[in-house]
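The structure appears below as structure tokens.
What follows is calculated from the coordinates using simple rules that are stated; it is not laboratory data. These figures come from a predicted structure and were not determined experimentally. No Cβ is skipped: glycine too gets one built from the backbone with ideal geometry, and neighbour counts run over all protein chains shown.
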Amino acid sequence: MKALFLDNDGVICLFSNWGSRAKKRKAIPGYDDIEQGKRPLDALFDNFDKKAIKVLNEILEETGAEIIVSSDWRRHADLEELGEYYLAQGVSKAPIGTTKMVEHFDIPDGFPFHRFYQYEQERSLEILDWLSEHPEVTHWVAVDDLDMSSNNREWGLDNFVWTPQDTEGIKQTGKKQQIIDFLT
């Protein structure tokens, strides 16, 4: 199996999309009075960028990879809801899994935590934990706007593509090919 660990914000939900959930919520009468868990799924999240989704779909088609959500969005919806949202936003396939939050598994003894890299380190550990539980994975890549690369970092990921431009995300020149290279 080929696994694509996917962050959303800064990768497929870009700067120009941020805040779109607020607009969707305003269009729903009495949104704030709707019980949590019963609010419309579409209003929970910002929209995905259409061009970024086109690139993602091309990657999925060419590689046959499965999506594993590593985004913090997994805090706000379960896998089924995330899948429903991905499909509604035009992604060609729903994610098959999410990484566990770092507080739900044992961190290796002596792990060199550094507060400056807390989010990057936690996300790296979450991905490595998922991989340890899925030996069927033959190829994988993590795509994120947090820099989790192994460049001069003992905790970083080797199979990583960084999307530092939150206005471009996965559409950045060369990113598609970098992702495909890890998955083939």
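Tabulated values for the structure
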{"read-out": "Label point distance in nm, Gln178-Lys54, each placed 7 Å from Cα along Cα→Cβ", "value": "2.1"}
{"read-out": "Distance between modelled label sites at Asp32 and Ile107, nm, 7 Å Cα→Cβ extension", "value": "3.6"}
{"read-out": "Ranked list, fewest to most other Cβ atoms within 10 Å of each Cβ, for Leu79, Leu4", "value": "Leu79, Leu4"}
{"read-out": "Gyration tensor over alpha-carbon atoms, segment 76-184, equivalent ellipsoid semi-axes in Å", "value": "23, 19, 15"}
{"read-out": "P(r) of the chain over all Cα-Cα pairs, binned every 5 Å from zero, in whole percent", "value": "1, 8, 16, 21, 20, 15, 10, 6, 2, 1, 0"}
{"read-out": "Too-long pairs where the Cα-Cα distance tops 29 Å, listed order kept, from Lys26/Lys176; Lys100/Lys175; Lys2/Lys50; Lys38/Lys171; Lys38/Lys176", "value": "Lys26/Lys176; Lys38/Lys171; Lys38/Lys176"}
{"read-out": "Pair Glu133, Ala88: separation of 7 Å Cα→Cβ label points (nm)", "value": "2.6"}
